[in-house]
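> Handing you this structure, nothing more for now.
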There are 2 protein chains.
Amino acid sequence: MSGGFTFTLDATSGAARAGHLALPHGPVETPCFMPVGTQGTVRALSPDDLRAAGARIVLANTYHLHVRPGEDVVAALGGLHRFMGWERPLLTDSGGFQVFSLAGSRTVDEEGVDFASHVDGARRRLTPERAMEIQWTLGADVAMAFDHVVPGGADAGAARDAMERTARWLARCRDRQRALAHDGVTTPRRHDGTNVRPGDVATWRQTLWPIIQGGAHPDLRRESLQRTLDLGPWTGIAVGGLSVGEAKPLMYDVLASLEPGLPAVLPRYLMGVGFPEDLVAAVERGIDLFDCVAPTRNGRNGSAYTPDGPLNIRNARFRTDAGPLDAECDCETCRTFSRGYLRHLFVAEELLGLRLLSLHNVRFLIRTAEAMRAAIRAGTFDRWAAEWRRRYLQPESP
Amino acid sequence: MSGGFTFTLDATSGAARAGHLALPHGPVETPCFMPVGTQGTVRALSPDDLRAAGARIVLANTYHLHVRPGEDVVAALGGLHRFMGWERPLLTDSGGFQVFSLAGSRTVDEEGVDFASHVDGARRRLTPERAMEIQWTLGADVAMAFDHVVPGGADAGAARDAMERTARWLARCRDRQRALAHDGVTTPRRHDGTNVRPGDVATWRQTLWPIIQGGAHPDLRRESLQRTLDLGPWTGIAVGGLSVGEAKPLMYDVLASLEPGLPAVLPRYLMGVGFPEDLVAAVERGIDLFDCVAPTRNGRNGSAYTPDGPLNIRNARFRTDAGPLDAECDCETCRTFSRGYLRHLFVAEELLGLRLLSLHNVRFLIRTAEAMRAAIRAGTFDRWAAEWRRRYLQPESP
């Protein structure tokens, strides 16, 4: 392990930024798309596939890993990096999003959230402190604060309540994380109350990133940002609770109104976003990092990103198409197989098809981020983005 | 492309043989296990995975590819090798086994078989000539004769009828294959009656291997062998209709009674076999080549081969097991992941688990074949086989 949690800005082009982040498990160049390994695996892809796709950092879900197999099992198997076979940087979300969006019945109070596991229905409880302890035990490079997420259509009252609670919980997350980091690996407790012993886990360092909430209300967002900065210093900052049902222009407005207040020295992570066009729009508004299940989920549904927009590989017009999925792509799928073969795999319901389209879509988003980085460094991002949109957003040819 | 269809015997140890086969797409060392790519893909594995597992030759199913996507589509996409992204040797079965064992309603007459497609129920017809034309259009290195397969329990009368029909059909297969091979690529007809044009397909060579039938009746088997040899010469010879429900000792008896009559200069292929212990028993009885869906099917069910017998990775005792699936294996699965992680993938129903256990099981059979080859060349096969069985066939430890 090397590096700390330093972010360096290499270039800007308008509000768009190119930078690099040093994390304990390696460097991350931005803009950067993080594939999502919900249950400790990016669905249908191996660590070798992810490296081949150019992934530098992967996200894993604290909620899912806590529920199954449990963070104690992950720790016993050497921590999350070893568990997944992924020695590059990892980021874990806090479980807040899953608890508020996936869990069926839940009760929220100032202390935390009670919810029912989606696996076995068992009642479980997450608090800001537990979320930090679980993430510490998992051992990702970056842990996220435990936040209160509201749906995209939440009114100002509900959004303010959740934003204020998120700020109060952030102080508790920060204090617990500092204690864990200062006391080292003998302090964290497993869920059965026993300590994690030093021999159970690797010696790692972990940083905490806060999450700005406030729904689709720019004034609440700016207030959340100010409260967050008051609780710092931080090594990075996230924008959460977007892409949760609100109209896209609203998301862009929120980002544009936040941008001037975001410290230039912090990497900015837009959580749960998104589609290719969202990445471009968000980088235009000063965002550095992204994660989303869309490339793998879409890939499993037969939808593939191309520079000329998405296509559905099941379409009969690809039956004898000997060309690659995307002639400009360098991934294994595009280097090896024809559209006609990929269509056959989907029509015949073969597992390999799920993997090959997931791999391509992940590579497509990573290549898009790489292209944005190059355009920012060349000072030509606006022109690049206009040209990219002209091709990508055209209607799919018949 | 290089090589023809030459088989060279390198060493023997008892009845066990080590040899090598030169095929147009490359060499194959025997004993050899062929992974099965039923629909033009070895389920859950990519060509890179297969190369990493040491596969030298893959089998694909004529029946499945004829029904979907159709051999015309495969030819339009450059032939089966290009279609699958697999430039090493390929063998196609004839569709006989599938027509007789999978297709629901079928009618057999001397001309051929009418059956209903398992995909859309459409009536289709296979004859010896059509089976050869389809395989020629697919373009595998080795095509198999169209045979009449009976269940393991078939009485001598039914087994004789099918064996005699198989011999008559073999003469027709041979004649049609010779015409195709002599006339080159302008002769084969697609299923719409048009010719396959030279530009549609690669220029390849293909050989035909006959299949010995006769059920579980050694006398019928020997008669089938004699009739087959009378119709030659051949570049290889297959034993079909075993491992279809008969008791294992019966299969071993059939192999042992056939062995003295099999020409030493021909590679011998035991179709649809099998489990690790079957490979060892059949090599002991002079067999060189195998195929079976068991390693991938078992792998998808969570069953993994190890030198100490199979294990089920879902077992709770593997929950925090940090060791590899098989400490003696060099596959990606065993080099990268713990049993605890693999168990998690299966319990959480993650696609990666299906791939990792399939990959390991295929590698296990290929390594077993490699180990047998080494033991045969060292003249120590009997000792090797006894030791292998002592470990593999012991009851799984608690």
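> For the range A:265-398, what does the accessible surface come to per residue with a 1.4 Å probe? Please give it in Å². Before the final figure, lay out the partial values.
Details: 4850 Å² over 134 residues.
Result: 36 Å² of accessible area for each residue.
> Still on this structure: Give me a comma-separated list of calculated 3J(HN,Hα) values for the range A:295-309, in order, Karplus coefficients 6.51, -1.76, 1.60 applied at θ = phi - 60°, integers in Hz, x for any Gly or Pro.
Rounded to whole hertz, the list is x, 7, 5, 4, x, 5, 8, x, 9, 10, 6, 9, x, 9, x.
> Among A:L270, A:L50, A:L91, which one shows the highest mean-square fluctuation when chain A is modelled as a Gaussian network with alpha-carbon springs under 10 Å?
Of A:L270, A:L50, A:L91, the Gaussian network model singles out A:L50 as fluctuating most.
> Rounded, prolate or oblate for the range B:319-383? Axes are the square roots of the Cα gyration tensor eigenvalues, ordered a ≥ b ≥ c, and the cut-off for rounded is a/c under 1.5. Before the final figure, lay out the partial values.
Numbers: a/c = 3.78, a/b = 2.50, b/c = 1.51.
Judged from the Cα gyration tensor, the range B:319-383 comes out prolate (a/c at least 1.5, a/b above b/c).
> To one decimal in nm, how far is A:R297 from the same spot in the other copies, if labels go 7 Å from Cα toward Cβ? Please give the shortest first.
For A:R297, the other copies' label points sit at 3.5 nm, shortest first.
> Show me you know the interface measure: the accessible area buried between A and B, both chains summed, probe 1.4 Å, in Å² to the nearest 100. Can you show the working numbers first?
Numbers: alone 15580 and 15580 Å², together 27850 Å².
Interface area, both chains combined: 3300 Å², rounded to the nearest 100.
> Assume the label is 7 Å from Cα along Cα to beta carbon: what separations in nm does B:E87 have to the matching positions in the other copies?
3.1
> Please list the non-local residues whose amide H lies under 5 Å from the amide H of B:I212, H modeled 1.01 Å from N, same-chain partners needing a gap of 5 or more.
Long-range HN contacts for B:I212: B:A238, B:V239, B:G240.
> So in the protein assembly as shown, which Cys have no other cysteine's beta-carbon sitting under 4.7 angstrom from theirs?
Within the protein assembly as shown, the cysteines lacking a partner Cβ under 4.7 Å are A:C32, A:C173, A:C292, A:C331, B:C32, B:C173, B:C292, B:C331.
> Then there is this: If I stretch the segment between A:H182 and A:A322 completely, what's the gain in nm (0.36 nm per residue apart, minus their alpha carbon distance), one decimal? If you can, show how the numbers build up before the last one.
Working: separation 140, 0.36 × 140 = 50.40 nm, distance 5.87 nm.
My answer for the length gained is 44.5 nm.
> Still on this structure: Collect residues whose amide H, placed 1.01 Å from N in the peptide plane, falls under 5 Å from the amide H of B:T38; neighbours closer than 5 in sequence don't count.
B:R43
> Hey, what do the phi angles of the range A:334-347 turn into as Karplus ³J(HN,Hα) couplings, whole Hz, using 6.51/-1.76/1.60 and θ = phi - 60°, x for Gly and Pro?
6, 6, 10, 10, 8, 4, x, 5, 4, 4, 4, 4, 6, 5
> In chain B, carbon and sulfur make up what percent of the accessible area (probe 1.4 Å)?
On the way: 7090 of 13920 Å².
It is 51 percent, rounded to a whole number.
> Quick one: Karplus J couplings for the range A:350-366, per residue in order, coefficients 6.51, -1.76, 1.60, θ = phi - 60°, nearest Hz, x for Gly and Pro?
So the J values, rounded to whole Hz, are 8, 4, 4, x, 4, 5, 5, 6, 4, 4, 4, 5, 5, 4, 4, 5, 5.
> What is the Cα centroid distance between the range A:120-146 and the range A:248-300, reported in whole angstrom?
Going from one Cα centre to the other spans 24 Å.
> On to the next question. Note down the net charge around A:L262, summing +1 for each Lys or Arg and -1 for each Asp or Glu among other residues with Cβ under 13 Å from its Cβ.
Details: positive: A:R17, A:R221, A:R222, A:R268, A:R285; negative: A:E259, A:D288.
Net local charge, A:L262 excluded: +3.
> Now a separate question. Excluding ligands, DNA and RNA, what is the solvent-accessible area per residue of the range B:1-155 at a probe of 1.4 Å, expressed in Å²? List each step's numbers first, then the result.
Details: 4410 Å² over 155 residues.
Heavy-atom SASA per residue in the range B:1-155 reads 28 Å².
> Tell me the GluC sites (Glu not before Pro) within the range A:102-145 that lie in a loop according to DSSP and have at most 14 other beta-carbon atoms within 10 Å.
For GluC sites (Glu not before Pro) across the range A:102-145 that sit outside H, G, I, E and B with at most 14 neighbouring Cβ atoms in 10 Å, the list reads A:E110, A:E111.
> Ok, one more. Compare B:D49, B:D175, B:D183 in a GNM of chain B, Cα atoms joined below 10 Å, and give the one with the largest fluctuation.
Per the Cα network of chain B with a 10 Å cutoff, B:D183 tops the list.
> Give the residues of the range A:212-230 whose amide nitrogen is closer than 20 Å to a point set 7 Å from the Cα of A:V108 in the direction of its Cβ.
A:212-229
> Given only helices, namely DSSP H runs of n ≥ 4 each adding -39500 (n - 2.57), what is the per-residue ellipticity at 222 nm of chain B, to the nearest 500 deg cm²/dmol?
-12000 deg cm²/dmol
> Shortest first and in nm with one decimal, please list how far the A:G153 label point sits from its counterparts in the other copies (point 7 Å along Cα→Cβ).
6.2
> Counting other Cβ atoms within 10 Å of each Cβ, which GluC sites (Glu not before Pro) in the range B:288-366 have at most 16 and sit in a DSSP loop?
Counting only loop positions with at most 16 other Cβ atoms within 10 Å, the GluC sites (Glu not before Pro) in the range B:288-366 are B:E328, B:E349.
> Moving on to the next point. How far is helix A:218-230 tilted, in degrees, relative to the longest principal axis of the Cα atoms in chain A, given as a value from 0 to 90 rounded to the nearest 10?
That helix lies at roughly 50 degrees to the long axis.
> Taking the Cα centre of chain A as origin, work out the dipole magnitude from +1 charges on Lys and Arg Cβ and -1 charges on Asp and Glu Cβ, in debye rounded to 20.
Working: 46 positive and 47 negative charges, 98 e Å.
Here chain A has a charge dipole of around 480 debye.
> What is the dipole size for the range A:50-161, taken about its Cα centre, with +1 at each Lys and Arg Cβ and -1 at each Asp and Glu Cβ, in debye to the nearest 20? Intermediate values should be presented prior to the final figure.
Details: 11 positive and 15 negative charges, 108 e Å.
That gives a dipole near 520 debye.
> Treating only the Cβ atoms of Lys and Arg (+1) and Asp and Glu (-1) as charged, compute the dipole magnitude of the range A:241-294 about its Cα centre; round to the nearest 20 debye. Write down the numbers at each step before the final one.
Values: 3 positive and 8 negative charges, 16 e Å.
Using only the charged Cβ atoms, the result is roughly 80 debye.
> So for chain B, taking the charge dipole from beta-carbon charges (+1 Lys/Arg, -1 Asp/Glu), which of B:S46, B:S94, B:H344 sits furthest toward the positive end?
Of B:S46, B:S94, B:H344, it is B:H344.
> With unit charges on the beta carbons (Lys and Arg positive, Asp and Glu negative) and the dipole taken about the Cα centre of the protein assembly as shown, which residue among B:P324, A:Q177, A:S13 sits farthest to the positive side?
A:S13
The values are calculated or read from the model by the stated rules, or taken from the named source; none is laboratory data. Not measured: the values here are computed from a predicted model. Here the Cβ is made from the backbone with ideal geometry for all residues, glycine too, and neighbour counts use every protein chain on show. Ligands, DNA and RNA are stripped out before the accessible areas are found, and what is left, the full protein with its side chains, is counted by its heavy atoms. Shrake-Rupley method; radii C 1.70, N 1.55, O 1.52, S 1.80 Å.
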